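A.B. asks: Below is a structure I'd like to ask you about.
The values are calculated or read from the model by the stated rules, or taken from the named source; none is laboratory data. Only a predicted model underlies this, so the values are computations on that prediction, with no experimental measurement involved. Ideal geometry is used to build each Cβ from the backbone, glycine not excepted, and the neighbour counts take in all protein chains shown.
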Amino acid sequence: MTAPLLSLRGIFKHYGPVHALDGVDFDLFPGEIVGLVGDNGAGKSTLIKVMSGAVVPDGGAILFEGKPVVLRSPQDARAIGIETVYQDLAVVPWLDVEANLFLGREMTGNRWWNRWFLDKRAMRREAAHHIASLQVGLKSVRQPVGLLSGGQRQSVAVARAISWGRKVVIMDEPTAALGVRESRGVLDLIKRVKERGLAVVLISHNLPHVFEVTDRIFVLRQGTEAGTLVTGETHVTDVVSLITGVKVSAAVA
Ligand SMILES: Nc1ncnc2c1ncn2[C@@H]1O[C@H](COP(=O)(O)OP(=O)(O)OP(=O)(O)O)[C@@H](O)[C@H]1O
Ligand SMILES: [Mg+2]
């Protein structure tokens, strides 16, 4: 068995009296897609924010490629190859699609200037390719994001994370605002990310989507792990039972 790429150990995060995360252990292996599911308020977004540096936990440890890391900001996570699509999308409406794809990538100092241009040219090509494959009907990467539909904006955020992610891509409800065709585009893209050898964490309330693309399913309930299942050996009712804490019979589901 290979070593995990990313491991969380005993992660705690409390908001006043709310125990958003109450001692969570989580492993992500190279090249796998893990679905993260649970009811509203179970702690899913908080957990992926810990992985992406957006939330600093009150306790616990994060290991990346076997070494302890401290992620104090999304920049820290990006620096080690972790990219995230947040549930509350961080796109800037008045910038065009391309500028949004480069958001948060400010390079400093002349030494980086040439590389930045080279990267930018390659990135532009790759981003245009991802956006085309997402089939969101964008006319141009020069369109301001504010003029796009909710689903198109979401697709831009997905394309951005996938273009930049080197090791891990985390997506919080990437298909929530999307129609059937656009969802299909995102799901196909997730499968292609896996083919590139990256690991993916996918949060979704849409269990058919989770079953279609994931290798394992991690269920959170009230800030703790309710169970982890191998997707191919699992029935949807098993997942529902873990989410709700109530045994569901396959006969009635
Ligand atoms: N910034 C915050 N301040 C206070 N409480 C918070 C904050 N963020 C999350 N919480 C609380 O922590 C708990 C877990 O929230 P979280 O957003 O992680 O849930 P979730 O599983 O992503 O839910 P959903 O499916 O609705 O997106 C909830 O009770 C929520 O109210
Ligand atoms: Mg959430």
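A.B. asks: Say whether the condition of being away from ligand 1 (no atom under 12 Å from the Cβ), buried (at least 21 other Cβ atoms within 10 Å of the Cβ) and in a strand (DSSP E or B) is met by at least one residue in segment 1-8.
C.D. replies: Yes, segment 1-8 has at least one match.
A.B. asks: Does ASP39 satisfy the criteria of being touching a Pro at 6+ places or on another chain (Cβ under 8 Å) and of a type in the set (D, E, K, R)?
C.D. replies: No.
A.B. asks: Run ASP172 past the list (1) at pLDDT below 95; (2) more than 21 Å from ILE11 (Cα to Cα) and report the number of the one that doesn't hold.
C.D. replies: Exception for ASP172: condition (2).
A.B. asks: Moving on. Restricting to segment 7-26, name every residue that is among the small types (Gly, Ala, Ser) and within 15 Å of ligand 2 (Cβ to nearest atom).
C.D. replies: Within segment 7-26, ALA20 is the sole residue that qualifies.
A.B. asks: Can you work out which of the residues in segment 167-225 that are touching a Lys or Arg at 6+ places or on another chain (Cβ under 9 Å) and in a helix (DSSP H, G or I) is farthest from GLY66 (Cα to Cα)?
C.D. replies: Looking at the filtered set, the residue picked out is GLU212.
A.B. asks: Right, GLY109: at pLDDT below 70 and on the phi > 0 side of the Ramachandran plot or not?
C.D. replies: yes
A.B. asks: Could you tell me whether segment 96-103 includes any residue that is out of contact with any Cys (no Cβ under 7 Å at 6 or more places or on another chain) and more than 30 Å from VAL145 (Cα to Cα)?
C.D. replies: no
A.B. asks: Considering segment 27-46 alone, what residues qualify as being modelled with pLDDT of 95 or more, in a loop (DSSP other than H, G, I, E, B) and away from ligand 2 (no atom under 16 Å from the Cβ)?
C.D. replies: PHE29, GLU32
A.B. asks: Oh, and also: Between a residue in segment 199-214 that is within 12 Å of LEU28 (Cα to Cα) and any residue that is surrounded by fewer than 17 Cβ atoms within 10 Å (Cβ to Cβ), which pairs come within a Cβ distance under 6 Å, given they are 6 or more apart or on different chains?
C.D. replies: That search, which allows pairs on different chains as well, returns ALA199/PRO30.
A.B. asks: Return yes when VAL248 is of a type outside the set (D, E, K, R) and under 19 Å from GLU32 (Cβ atoms) and no when it is not.
C.D. replies: Working: of a type outside the set (D, E, K, R): yes; under 19 Å from GLU32 (Cβ atoms): no.
So VAL248 does not fit the description; no.
A.B. asks: May I pose another question? Quick check on segment 150-173. Is at least one of its residues over 25 Å from VAL50 (Cβ atoms), of a type in the set (S, T, N, Q) and surrounded by fewer than 23 Cβ atoms within 10 Å (Cβ to Cβ)?
C.D. replies: Scanning segment 150-173 turns up at least one residue that is over 25 Å from VAL50 (Cβ atoms), of a type in the set (S, T, N, Q) and surrounded by fewer than 23 Cβ atoms within 10 Å (Cβ to Cβ).
A.B. asks: I would also like to ask the following. Does PRO74 satisfy the criteria of being within 16 Å of ligand 1 (Cβ to nearest atom) and either surrounded by fewer than 21 Cβ atoms within 10 Å (Cβ to Cβ) or closer than 28 Å to ILE243 by Cβ (or both)?
C.D. replies: yes
A.B. asks: In the set VAL50, VAL56, VAL24, which member is within 15 Å of the chain's Cα centre (by Cα), modelled with pLDDT of 90 or more and within 16 Å of ligand 1 (Cβ to nearest atom)?
C.D. replies: Going through VAL50, VAL56, VAL24 in turn, the sole match is VAL50.
A.B. asks: Does segment 47-74 hold any residues that are on the phi > 0 side of the Ramachandran plot and either assigned to a loop (DSSP other than H, G, I, E, B) or within 16 Å of ligand 2 (Cβ to nearest atom) (or both), and which are they?
C.D. replies: GLY53, GLU65, GLY66
A.B. asks: What are the residue pairs meeting all of these: first residue in segment 179-193, first residue within 11 Å of GLY151 (Cα to Cα), second residue assigned to a helix (DSSP H, G or I) and aliphatic (A, V, I, L, M), Cβ atoms under 7 Å, and 6 or more apart or on different chains?
C.D. replies: Pairs found: VAL186/VAL158.
A.B. asks: Inside segment 10-33, can you point out the residues that are crowded, with 16+ Cβ neighbours inside 10 Å and in contact with an Asp or Glu (Cβ under 7 Å, 6 or more places away or on another chain)?
C.D. replies: Answer for segment 10-33, where residues must be crowded, with 16+ Cβ neighbours inside 10 Å and in contact with an Asp or Glu (Cβ under 7 Å, 6 or more places away or on another chain): PHE12, LYS13, VAL24, GLU32, ILE33.
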